[in-house]
Each structure stands twice: as C-alpha cells, then as structure tokens.
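Single-structure report; data block below.
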Amino acid sequence: MSEKLKIKISIADRVYPLTIEPRQEEGLRKAAKSIDKLLKQFEQNYAVRDKQDVLAMCALQFAAKVEQESLDAHEDNNLVVEKLETMYKLLDNYIE
C-alpha cells in the first residue's frame, strides 16, 4: 500500500489540508483550480454578497454537469442496446 500524501488545497481563499493517495493529487488540484475559475466568473458576472452563494452555484453547476453526463450515457446505452437487438434479429433471420 502506498504512503499517504499531505497536501494543502486552496479554494475561495481558504486552505484545506488533506491526506490523500498520491494518485489523487493531480485530480484534486485540477478540481480546485476549476472551482476557483468558475467562482471568479460568477463573481465577475453577478452581484454577489456572500462567498457561500457563489460556492453553492459552483457546486450546482458541477453537480448538474455530472448528472447530465450520466443521463447522456444512459441514453447512449439505450441506443446501443436497440441497435444490437436489431442486428441480432437480422442475423437470426439470415441464419434461419
């Protein structure tokens, strides 16, 4: 088992100490960077009184993206299943 790595991640001008697996570091740093980038966009485009409101909007945007990708993947899977069933029927008819 690999040793844990202690890092500090900064999000919205706050530092969060984390103990992670070394393989997680790049993903966590990229995620924190994405959050800060989106946070700055919200602050520039909207009148924001509280960082918590901006962070909530960031969380909503990221969660919505994940959910939409899941829905899209499910839709794609359904299309693949339909095509495979059609091919199976064609092959079955050809073999008979």
message = Every residue in the range 75-85 that is over 24 Å from the mean Cα position of the chain (by Cα) and either aliphatic (A, V, I, L, M) or not in a helix (DSSP H, G or I) (or both), please.
response = V81, L84
task = Could you tell me whether Y88 is exposed (fewer than 10 other Cβ atoms within 10 Å of the Cβ), of a type in the set (F, W, Y) and either outside any helix (DSSP H, G or I) or free of Cβ contacts under 8 Å to residues at least 12 places away in the same chain (or both)?
result = no
request  = Go through the range 24-74 and give me each residue that's touching a strand residue (DSSP E or B) at 6+ places or on another chain (Cβ under 9 Å) and either closer than 25 Å to L5 by Cα or not in a helix (DSSP H, G or I) (or both).
outcome  = Q24, E25, L28, R29, A31, A32, I35, D36
key: Per-region count, the range 18-50, residues open to solvent by less than 100 Å² (accessible area, probe 1.4 Å) and more than 24 Å from K65 (Cα to Cα)   = 5
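The values are calculated or read from the model by the stated rules, or taken from the named source; none is laboratory data. On a predicted model such as this, the values are computed, not experimentally measured, just so you know. Don't worry about glycine lacking a Cβ; one is built from the backbone with ideal geometry, like all the others, and counts go over all protein chains shown. Ligands, DNA and RNA are stripped out before the accessible areas are found, and what is left, the full protein with its side chains, is counted by its heavy atoms. Shrake-Rupley method; radii C 1.70, N 1.55, O 1.52, S 1.80 Å.
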